[in-house]
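Just so it is clear, none of the values below were taken in a lab; they were calculated from the coordinates. Please read all numbers here as calculations on a predicted model, not as lab measurements. So basically every Cβ, Gly included, is an ideal-geometry build from the backbone, and we count neighbours across all protein chains shown.
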Amino acid sequence: MDISILEKVRELRGQGNSPKQIARALGMTPAAVAPYVRAVAERTGGRAAEPELAGCWINAGWSEGLGLPDSSGWADDVPDGQETAGTVSVLVARKHGWDKLSVCAYLVDVYCLGVKHVLGPDVMSEMELHRFLPRYFRIYAHGWRDAPLALVRNLVFGAVDYARDLGFEPTAGFAGAAGHLGAWDDKSAIAFGKDGKPFYLAGPDDDVRHVVKTLERRVGPPPNFDFFAPMPETQISLGGHRL
C-alpha cells in the first residue's frame, strides 16, 4: 500500500469527501481507492474522521450571567446589561470537499431552555459564509467573534444537559446538527442559569404555562427560578405573581 496515497485519502476523508469523490480527486478508480478508505476507517476505529474545522464564532456578550472557570480565558469584555443576555448564537463551519464549507448554527437559551433552534448543516462557499455571518449575528449590538471549539462544545452541549435537568429537550433539529460540534461525553465547565438559577424569558412561540409548570415541578416555585413574560396575552397566575 502506497503511504503517500494513504495520507491523501486520510486528508480527503477528513474533509468529508465520499469514496467516489476521493477517487476522482486522486485520478483513481473507486475499486483502487477502496482499500485505502477501509484502512483509514480501521485506523479511526471504524468511525469516519471528523471533517476539518474551518471556524467557530459566537456573539460578543455571550457570557453574561454564566459561571466560568477562572482558568478558561473564555469570558469576553462586553459590559453586562445587554438586551440579548441569556440568548447565545453559535456558528460552526467544517470543510466540505475542496472548496465548500458545511455550516451549522445554534440558538441557545443558556438560562433555561437549552437549544431552541438550529440551522443546517448547509453547504456554502467561503464568500457565502462571509456574507452570512453579519446577517446571522445582526441582533447583537457588539457583533461576533472567533471562539475555540472547546468553548462552543461546553456551551451548547452543556446548555442541553442543563435544560434536560429542568425537563426540557432541545429542538428536534439538534440531533442532525450536533455532529458539527464533535463527540461529547463530558460535563460542561460552565455553570448555566442566570447567576446560578434558572431564568425563563418567555418567547412568542413558547407554551408559557407548560414551561412554568415544568420549572415548578423540577425546582419549586419562585424564587427558585425567575421569569419574565413581556407579552400581555401570555399572562398567567403564578404564586401570587402575574406572568
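Under the classification rounded if a/c is under 1.5, otherwise prolate if a/b is larger than b/c and oblate if not, where does the chain fall, given a ≥ b ≥ c as square roots of the Cα gyration tensor eigenvalues? Write out the running numbers ahead of the final one.
Working: a/c = 2.57, a/b = 2.28, b/c = 1.12.
Judged from the Cα gyration tensor, the chain comes out prolate (a/c at least 1.5, a/b above b/c).
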Check your understanding: Taking neighbour counts of Cβ atoms within 10 Å as a proxy for exposure, in what order, fewest first, do ILE3, ILE58, ILE190, ILE22 appear?
Key -> ILE3, ILE190, ILE22, ILE58
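Which shape class applies to the range 80-127: rounded if a/c is under 1.5, otherwise prolate when a/b exceeds b/c and oblate if not, where a ≥ b ≥ c are the square roots of the Cα gyration tensor eigenvalues?
Numbers: a/c = 4.35, a/b = 2.44, b/c = 1.78.
Prolate, since a/c reaches 1.5 and a/b exceeds b/c.
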Practice item. Once you've got the GNM for the chain with C-alpha springs shorter than 10 Å, pick whichever of LEU68, LEU101, LEU155 has the biggest mean-square fluctuation. Key: LEU68
Review point. Residue by residue through the range 93-100, which ³J(HN,Hα) values in whole Hz follow from phi under the Karplus form 6.51 cos²θ - 1.76 cosθ + 1.60 (θ = phi - 60°), with glycine and proline marked x?
Key: 10, 10, 4, 9, x, 6, 9, 10
Check your understanding: Can you list the chymotrypsin sites (Phe, Trp or Tyr not before Pro) in the range 123-206 that are in a DSSP coil and have 16 or fewer other beta carbons within 10 angstrom?
Key -> TRP184
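Would you calculate, for the chain, the mean residue ellipticity at 222 nm contributed by helices, counting each DSSP H stretch of 4 or more residues as -39,500 (n - 2.57) and dividing by all residues, to the nearest 500? The partial results should precede the final answer.
On the way: 7 runs with 79 residues, N = 243.
Result for the chain: -10000 deg cm²/dmol, rounded to the nearest 500.
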Practice item. Based on other C-beta atoms within 10 Å, arrange SER125, SER188, SER89, SER4 from fewest to most. Key: SER4, SER125, SER188, SER89
Exercise for review: Would you please give the residues with an amide H less than 5 Å from that of HIS96, counting only those at least 5 places away or on a separate chain, with H modeled from the backbone geometry?
Suggested key: LEU101, SER102
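What is the fewest-to-most order of LYS116, LYS8 by other Cβ atoms lying within 10 Å of their Cβ?
LYS8, LYS116
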**Study point:** Total formal charge among the other residues, if their Cβ is under 12 angstrom from that of ARG94, Lys/Arg +1 and Asp/Glu -1
**Key:** -1
